[in-house]
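Taken together, the values in this text are just the output of simple stated rules run on the coordinates, not laboratory data. None of these values were measured; they are calculated from a predicted model. Neighbour counts are summed over all protein chains in view; Cβ atoms, including those assigned to glycine, are modelled from backbone coordinates with ideal geometry.
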Amino acid sequence: MVRKGILVLFVALLAASLASCTPPSENSGDSGGGGGAAPTGGSSGASSGGEPIKFGVYGDLTGDTATFGQSMKKGVDLAAEELNQKPPLGRTVEIRMEDDGGKSEQAVSVVTKLLTEGKVHAVIGEVASTNSLAAAPQCQKEKIPMVTPASTNPQVTEVGDYIFRICFIDPFQGSVMAKFAVNSLKKKTAGILYDQKSDYSKGLAQFFKATFTQLGGQVVAEATYSKGDTDFNAQLNAIKGHNPGVLFVPGYYTEVGTIARQARDQGIAAPLLGGDGWDSPKLFEGAGDKLEGCYFSNHYSSESKDERVVKFIDAFKKKYSGEVPDAMAALSYDTTMILADAIQRAGGTDAAKLREALAGTKEFKGVTGAITIDDKRNATKPAVVLRIEGQAFKYVETVVP
């Protein structure tokens, strides 16, 4: 009996040893079945517990436009948290955030770090067009998809075929405000005051002027300033002499508030108009109540009753102590969700396949609207016009492309 027992034990051990040497199935690894699903479904990919999906994010967390980067981070983090409740392709999403301080040269440095050290599968950022233009060539060189949530200057996606955006572009945004000035406000003359060092501001000024004049309006005065300026009285005094019906100020919130206060002190009563760069809770720190009755274009309205918007705002307020998300947070949330959806459809994180999936995005139902990526890797989507009342942004109208 003892010898028989030893023989049985030997046979069992031999079988176990042979089983451990069996080659893996052809379906194991990244090509295997997935555990979870991205928002709109798609191909199966890595098995549950596979390599994490790494998104690199860069933006201004500590510089002059820090509310942009902080809002972007909040939107991305909320999206990642929701995705990880049911991970795309069964792979958890990891966010690697880098602060560029709002400086172009630092944007290049941190994106290079994300690509070479972080080995990220995709890059999200920046908000400021100038910083996106600086860093995008790094992503194009390494052939890693970069998706900017909010850089509206047309040149950003012209860097190369791996660069995308999910916001509308300046020709559309500029024309929206020009049409609003002529058709809704019934104004025939305009002054323009823009930041000569900002690609975003220069682009918006150019496209506003083109559409305004095409519609029969006249730009009676133009002046410039530079980021960081605090005294705009000379420019405003020159503009005042032409008595424009509206004053278009396509800058960032960091200067717009001060411009508004000094304009009113100069006696300029015309409504100020602007773009999405106004969207920040700090806009009123420089302006006080001097922006009352002014207007700007934006990507969404927090007053929307759309089910997706309501759900997003509720989740954001729950996560961030009652804070109402601005457009930068909403755009960044949508960007993260679109990337996850594209990875799902691509069946993994292969950069070339992910690029193709992003380019094929059609009618993605986002918080900021239905998003379709066109042949120039820009988003086709609507804009909203908001009116400033007190310290709130009130919905006025939606403008479709």
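Using every Cα-Cα pair within the chain, state what percent have a distance larger than 32 Å.
Across the chain, Cα pairs with separations above 32 Å total 38 percent.
Using a 7 Å offset from Cα along Cα-Cβ at ASP350, what residues in region 70-105 end up with backbone N under 16 Å from the label point?
Those under the cut-off are none; the list is empty.
Tell me, in nm to one decimal, what length is gained between ALA359 and LYS319 on full extension, where the rule is 0.36 nm per residue of separation less the Cα-Cα distance?
This chain segment gains 11.2 nm when fully extended.
Using the Cα centre of the chain as origin and beta-carbon charges of +1 (Lys, Arg) and -1 (Asp, Glu), tell me which of PHE232, PRO281, ASN378 is placed farthest towards the positive end of the dipole.
Ranked along the dipole, the leading option is ASN378.
Calculate the spin-label point distance for LYS376 paired with GLN206, positioning each point 7 Å from the Cα along the beta-carbon direction, and give it in nanometres.
1.1
Among GLN206, VAL182, TYR252, whose Cα projects farthest towards the positive end of the dipole of region 171-298, with charges put on the beta-carbon of Lys, Arg (+1) and Asp, Glu (-1)?
So the residue we want is VAL182.
Would you mind putting 108-118, 255-265, 301-311 in packing order, based on average other-beta-carbon counts within 10 Å, highest first? Write down the numbers at each step before the final one.
On the way: 108-118: 19.2, 255-265: 21.4, 301-311: 14.5.
My ranking of the peptides, most packed first, is 255-265, 108-118, 301-311.
Tally Lys and Arg at +1 and Asp and Glu at -1 over the other residues with C-beta under 15 Å from the C-beta of ALA269: what net charge comes out?
+2
How much length would be gained if the chain were fully extended between LYS186 and GLN214, taking 0.36 nm per residue of separation minus their Cα-Cα distance, in nm to one decimal?
In short, 8.6 nm is gained.
Of the listed pairs LYS74/LYS311; LYS119/LYS353; LYS73/LYS113; LYS305/LYS353, which have alpha-carbon separations greater than 25 Å here?
Beyond 25 Å between Cα atoms: LYS305/LYS353.
Between GLN266 and GLU81, 0.36 nm times their residue separation minus their Cα-Cα distance comes to what?
61.7 nm
Taking the Cα centroid of region 309-323 and of region 363-401, what is the distance between the two, rounded to the nearest whole Å?
One Cα centre to the other: 19 Å.
Net charge within 10 Å of LEU78 by Cβ-Cβ distance, Lys/Arg positive one each and Asp/Glu negative one each, not counting LEU78 itself?
Result for the local shell: +1.
Report the Cα-based extents of region 137-252 along its three principal axes, largest first, to the nearest Å.
Per principal axis, max minus min of the Cα coordinates gives 52, 33, 16 Å.
Please go through region 83-174 and write out the chymotrypsin sites (Phe, Trp or Tyr not before Pro) that DSSP classes as loop and that have at most 10 other C-beta atoms within 10 Å.
In loop regions of region 83-174 (DSSP not H, G, I, E or B), there are no sparsely surrounded chymotrypsin sites (Phe, Trp or Tyr not before Pro).
Rounded to the nearest 20 debye, what is the charge dipole size of the chain about its Cα centre when +1 sits on each Lys and Arg Cβ and -1 on each Asp and Glu Cβ?
640
Between beta-carbons, use under 15 Å as the cut-off and find the net charge around LYS319, counting Lys and Arg +1, Asp and Glu -1.
Every neighbour counted, the sum reads -1.
Sorting check: for 221-227, 327-333, which peptide has the highest mean count of neighbouring beta carbons within 10 Å, and how do the rest follow?
327-333, 221-227
Run the quick spin-label model on ASN233 and LYS119: label points 7 Å from Cα toward the beta carbon, then report their separation in nm to one decimal.
Result for the modelled spin labels: 5.9 nm.
In square nanometres and to one decimal, what's the mean projected area of the convex hull around the Cα atoms of region 342-381?
2.8
Among the helices of the chain (complete DSSP H runs), which have Cα atoms covering no less than 15 Å along the helix axis and a Kyte-Doolittle mean of at least -1.0?
Helices passing the filter in the chain: 2-20, 66-83, 104-116, 129-142, 199-214, 253-265, 307-319, 327-346.
Sort 81-88, 270-277 by packing, meaning the average of other beta carbons within 10 Å per residue, with the highest value first.
Details: 81-88: 17.9, 270-277: 25.9.
Going by the mean number of other Cβ atoms within 10 Å, highest first, we get 270-277, 81-88.
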